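The values are calculated or read from the model by the stated rules, or taken from the named source; none is laboratory data. Note that the structure is a prediction, hence the values are computed from the model and not measured. In this analysis, Cβ positions are derived from the backbone assuming ideal geometry, glycine residues included, and neighbour counts consider all displayed protein chains.
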Ligand SMILES: Cc1ncc(COP(=O)(O)O)c(C=O)c1O
């Protein structure tokens, strides 16, 4: 790979030519992983190859998006068949058979009564749509969200994002109040068991409703497992307990399943199922297209149909994305990938939990094929984003791609494709353990 030298703060920085060109024309806030960022040029199964010919097992899957891995014949052939017909786009002015078929499947899988589906291109647009449905139905701009949440990058989605690291603006079309639910380490809750924490969170919701809200809110939007937030999660059942209170006020529950849908949490097809409740609306994106751009919202038909004006998404639900997404859903169901996520998730998490004994590790958690390790300063216990970045480098050296996140950037995040094999699960788990141990030892040396 061609290298270039550039002056940086008095020293000379060496970077690849592509990295240099990226810096020149892409926004500075578009973060790249690794000191020497990687260009992935091909993929097969659950492995990718970079421009230098190195192959990696992928435990982050394009941020949980390559849900079936790479070059999946069923998806590729479905897309190729659609392209061969000569129709990549028609617009929603015409009937699109594959769109109706996918909507029927998702409506059925959602468990939402009389559900209807609207397709978008991204999770952000999906959440915008859900927020529009809820605020219109309820006639208020007041929305509840969870602290440490991430829901996307538009004004409405940023407004319900409770993670300062991703909040570029306070300008908002919504009036938002934030609830507890994933902050067990907050001084007010430390040491509490699930039942006590749940009771306190519900009491806080009642308090917010009794003090800070005019009338009643439109909805609560919540991720069953917070993705960008660092795979932080409410105790199972909390969102059901919240819904009970919301129901008393006529407020709706929107589950953001952009990261947690399609069986990834193992114990449930939708993340919200772990709470034992069906939401009024549910949003999805990422894994559904296995890399093809598709998102959407499935909601109670009465909410969906209540919007008074026209609406469409030009590219949302286009025939190519629909071909891919139908193939993905069929694959997930035909191969029972939810059960695989449950089984393999336990195997990986079981191995990772031992890391919690290391001084550089604050906590280890996971659900299905979502795993997180919090890296902390071994001396102070404070979040250590630099150590998390070092683990990414060490994992790369061991042939494994992982991600990071969390409010303070110190959380290792792993979410391999749902098609992971048992051997790959062990290989990735062992590489993570090895990388974290190496970084911990160096941090204490
Ligand atoms: C839970 C959640 N909601 C919404 C979004 C936004 O999706 P998109 O980037 O497709 O707009 C994301 C993206 O990471 C997400 O994790």
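A few notes on this one:
- Checked against the criterion of being modelled with pLDDT of 95 or more, within 26 Å of residue 361 (Cα to Cα) and buried (at least 17 other Cβ atoms within 10 Å of the Cβ), the candidates 230, 156 yield just one match: 230.
Residues are listed down the side, and each one gets a yes or a no for (1) surrounded by 24 or more Cβ atoms within 10 Å (Cβ to Cβ); (2) closer than 24 Å to residue 309 by Cα; (3) over 17 Å from the mean Cα position of the chain (by Cα); (4) at pLDDT below 95:
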position: 105; (1), (2), (3), (4): no, no, yes, no
position: 108; (1), (2), (3), (4): no, no, yes, no
position: 117; (1), (2), (3), (4): no, yes, yes, no
position: 123; (1), (2), (3), (4): yes, yes, no, no
position: 128; (1), (2), (3), (4): no, yes, no, no
position: 142; (1), (2), (3), (4): no, yes, yes, no
position: 148; (1), (2), (3), (4): no, no, no, no
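- From the options 138, 190, residue that is over 21 Å from the mean Cα position of the chain (by Cα), modelled with pLDDT under 95 and on the phi < 0 side of the Ramachandran plot: 190
- Matching residues, region 384-403, being under 13 Å from residue 372 (Cα atoms) and free of Cβ contacts under 8 Å to residues at least 40 places away in the same chain: 388
- Test: residue 298 is crowded, with 18+ Cβ neighbours inside 10 Å and within 16 Å of the ligand (Cβ to nearest atom): yes
- Scanning region 125-170 for residues that are within 14 Å of the ligand (Cβ to nearest atom), under 24 Å from residue 183 (Cβ atoms) and part of a helix (DSSP H, G or I) returns 127, 130, 131, 156, 157, 158, 159, 165, 166.
- Qualifying residue in region 204-212 (condition: surrounded by 19 or more Cβ atoms within 10 Å (Cβ to Cβ), away from the ligand (no atom under 16 Å from the Cβ) and more than 26 Å from the chain's Cα centre (by Cα)): yes
- Single residue of region 107-124 satisfying the filter (under 16 Å from residue 312 (Cα atoms) and in a loop (DSSP other than H, G, I, E, B)) that is nearest to the ligand (Cβ to nearest atom): 122
- Residue 253 meets each of the listed conditions (1) in contact with a strand residue (DSSP E or B) (Cβ under 9 Å, 6 or more places away or on another chain); (2) free of Cβ contacts under 8 Å to residues at least 40 places away in the same chain; (3) assigned to a helix (DSSP H, G or I) apart from (3).
- Selection of region 57-71 for residues being touching a residue at least 40 places away in the same chain (Cβ under 8 Å), more than 16 Å from the ligand (Cβ to nearest atom) and either in contact with a helix residue (DSSP H, G or I) (Cβ under 7 Å, 6 or more places away or on another chain) or on the phi > 0 side of the Ramachandran plot (or both) yields 57, 59, 68, 69.
- Residue ID - nearest to the ligand (Cβ to nearest atom), chosen from residues in region 260-287 that are under 19 Å from residue 118 (Cα atoms) and out of contact with any strand residue (DSSP E or B) (no Cβ under 7 Å at 6 or more places or on another chain): 286
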